[in-house]
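Shown next, in structure tokens, is the structure this report addresses.
The values are calculated or read from the model by the stated rules, or taken from the named source; none is laboratory data. These figures come from a predicted structure and were not determined experimentally. With ideal geometry, Cβ positions are generated from the backbone for all residues, glycine too; neighbour counts draw on all protein chains shown.
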Amino acid sequence: MGAVALGEIDEVTKRLHARIDERRPGTKRDGPAEKIEKGGDRAAAEGKQATAGNYYLRAGNYFYTGERMVPRESRSWPSTGEA
């Protein structure tokens, strides 16, 4: 399906390792998910709906997985079943 790419996962891991001493190293909104989402926005603006959908699917998987790594007390959104 092309939902994730090992190179992107490796990029995330390296970025987290570089910030391991930070209190909350994974909370910056500048990772692969945001880059991929912007690719979807560009494709959608060009009328390439299937390509945009592919980008959004990949970005969504990263956002979904990433939010599971944020401790409940640090979340700024309701957890599943709380909304």
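Observations, loosely collected:
- Whichever residue in the range 32-69 is of a type in the set (Gly, Ala, Ser) and surrounded by fewer than 18 Cβ atoms within 10 Å (Cβ to Cβ) and, among such residues, is farthest from Leu16 (Cα to Cα): Gly47
- Extreme residue, farthest from Leu6 (Cα to Cα), among residues of the range 34-52 that are of a type outside the set (A, V, I, L, M, F, W, C) and within 15 Å of the chain's Cα centre (by Cα): Asp41
- Test for Val4: is it at pLDDT below 90 and assigned to a helix (DSSP H, G or I): no
- The condition (being modelled with pLDDT of 85 or more and either under 19 Å from Ile9 (Cα atoms) or not in a helix (DSSP H, G or I) (or both)) is satisfied by just one residue among Tyr55, Tyr64: Tyr55.
- Boolean, Gly26 is at pLDDT below 65 and under 22 Å from Leu6 (Cα atoms): yes
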